[in-house]
2 protein chains.
Amino acid sequence: MSSNKKNKALELNPNVSIDNIIFGFDFDQLYCLLIDSGISKTTGRPRLAVPGDLIYDNETLDEAANRILKELTGIDNIYLEQIGAFGDPNRMGKESDKEWLKSMRAEPEARVITVAYFSLVKMDDFNPKASSFAESAGWAPINEIHELAFDHYEILQCAREQLKRKIKIQPIGFNLLPEKFTLSQLHKLYESILNKALDKRNFRRKILNLQILTPLNEKQVGVPHKPSQLFEFNEEKYQKLSSEGFDNFGF
Amino acid sequence: MSSNKKNKALELNPNVSIDNIIFGFDFDQLYCLLIDSGISKTTGRPRLAVPGDLIYDNETLDEAANRILKELTGIDNIYLEQIGAFGDPNRMGKESDKEWLKSMRAEPEARVITVAYFSLVKMDDFNPKASSFAESAGWAPINEIHELAFDHYEILQCAREQLKRKIKIQPIGFNLLPEKFTLSQLHKLYESILNKALDKRNFRRKILNLQILTPLNEKQVGVPHKPSQLFEFNEEKYQKLSSEGFDNFGF
DNA sequence: TTAGCTGAGTGTCATAAACACACTTTCAAA
DNA sequence: TTTGAAAGTGTGTTTATGACACTCAGCTAA
């Protein structure tokens, strides 16, 4: 439990980390960005984890979360939201976690509280590349993830729940889509996040009533069916709804 | 990391604390439990703060939050929910905060990340008493709190927002009321939390439609007006609504 | 004893949102 | 020119919302 902080600015805080659930969407399903730190000697399986790092003592938590995102993906200015802190004393207690900690951390025994975030990125903005602390990174379909290092699987489930809750009261889903998109793509996105089928006509009516979409003079091209109208979202209206929410319980 | 519980003091984690926004309701307005650590030498004003403490290395965050609640109020088994982590490097940077830290902390310069919780208590369950790290504790009307130590004022505002959001999708408000209560008391509670007037008839209709209340064969006595029907809430239905939520955006 | 005060309790109508549901259109490829 | 694939569109029913005003029961004080 060190706290020898002579040189605060440059020092990693060995007790607090950030883990960042990065969501993407490919018009078909939700993905999560994972890093693979190699084959575990104890389990013989790849050791998949969510990107994260210890924080520096001179950065805020939000800055640290943005830094991790930037270091890994090279992109900035991404939708980012805190999920909360995870601090079970045994959260890093699996054998394969200990093995990794010994090889990577100056104080492998230190108790680390992690602050989890989730972010929403447009999948084609990001071209995975190796980061300084993982051998590789890549998108994994959310429904195919069944096990992760540390308590990352649990954090992922919390992130999904929070996203589900949030998308019903703020139009943040647009962060997962490109500038121009079709109503069907948006529809599929909502179905993927909420994990259930939504009636097409009712969905379209509701979204259009929010008046958050601007139809473009443009259609899909080259598709083997009736081409779809493209939309962009209305930034102004979006800001308004984002701050007010559009909650509806009635009170 | 030692797990020698004989000497807990050695296991205090100097980098992570818990702060707990404790809400109460007196049938008229919302209150927050504050501790007063004495007159600040630098400001000459009382130094009011939310109860909190560093965590021990062998407890989970939830356990630490419960411990703080128990140490201060003597009560257990309280509704408790995490708000999130607050970690601005300058969150303890006010002069009056530094003064206090020097007198109370082994490592006054250490950067401390705090994990905030809020809890809902039945006000008459709690009889304020001095705790080990504050000279006194007491209920303050939420609307009369304008300044607090550290970043506690900001945390309080987040807590109010979270409570507002939450009460619309889960019936957690009941935690602030005694076993038996009237519809008017519940109505006033919702108005206090949401900070706006709600139509009496519409409110009663909606709450009764949730079928979460069981009318008792009991009325108020000794009131100088028509005595009010008392209700208790239906635990079973409450659990069901709590887990499902009763969100209503329509999707 | 009665008049007056206080808050409890109650119903309806108009409007808006939700939900369920099936066929036609447009384009590309075979 | 036929076929397959997804886009796009409307209505009727049901349910929830929001606005709104008077009577009732019990206490107190004249």
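Only the coordinates and a few stated rules stand behind these numbers; no lab work does. Model, not experiment: these values are computed from the prediction. No Cβ is skipped: glycine too gets one built from the backbone with ideal geometry, and neighbour counts run over all protein chains shown.
Listing for the model above:
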quantity	calculated
Shape category assigned to the protein assembly as shown from the gyration tensor of Cα positions, a/c cut at 1.5	oblate
At most 16 other Cβ within 10 Å, DSSP loop - trypsin sites (Lys or Arg not before Pro), region B:34-82	B:LYS41
Alpha-carbon Debye profile of region B:170-244, log10 I(q)/I(0) at 0.18, 0.21, 0.22 Å⁻¹	-0.76, -1.02, -1.11
Shielding by partners - mean other protein chain Cβ count within 10 Å, residues of B:85-97	4
Dimensions in Å of region A:8-167 - Rg and Dmax from alpha carbons	14.8, 46
Copy-to-copy label separations for A:ASN202, where each label sits 7 Å from Cα toward Cβ, in nm and ascending	2.3
Lys pairs, region A:8-167 - Cα-Cα below 16 angstrom, 8 or more residues apart or on other chains	6
Shielding by other protein chains, B:196-203, mean Cβ within 10 Å	1
Dipole magnitude of the protein assembly as shown about its Cα centre (Cβ charges: Lys, Arg +1; Asp, Glu -1), debye to nearest 20	1460
Other copies of B:GLN239: label-to-label distances in nm, shortest first, labels 7 Å along the beta-carbon direction	4.8
Value of [θ]222 nm, deg cm²/dmol, for chain A, DSSP H segments ≥ 4, -39500 (n - 2.57) each, nearest 500	-8500 deg cm²/dmol
In region A:90-179, the chymotrypsin sites (Phe, Trp or Tyr not before Pro) that fall in loop regions by DSSP, at most 16 other Cβ within 10 Å	A:PHE133
Residue-count net charge about A:PHE86 - beta-carbon cut-off 10 Å; Lys, Arg +1, Asp, Glu -1	-3
GNM flexibility winner over chain A from A:ALA65, A:ALA197, A:ALA137 (Cα, springs under 10 Å)	A:ALA197
Mean-position separation - Cα centroids, region A:138-183 and region A:28-76, in angstrom	15
Region A:98-206: trypsin sites (Lys or Arg not before Pro) in DSSP loop, at most 14 other beta carbons within 10 Å	A:LYS129, A:LYS180, A:LYS196
Range in chain B, longest, excluding exposed GluC sites (Glu not before Pro) [loop by DSSP; at most 16 other beta-carbon atoms within 10 Å]	B:1-108
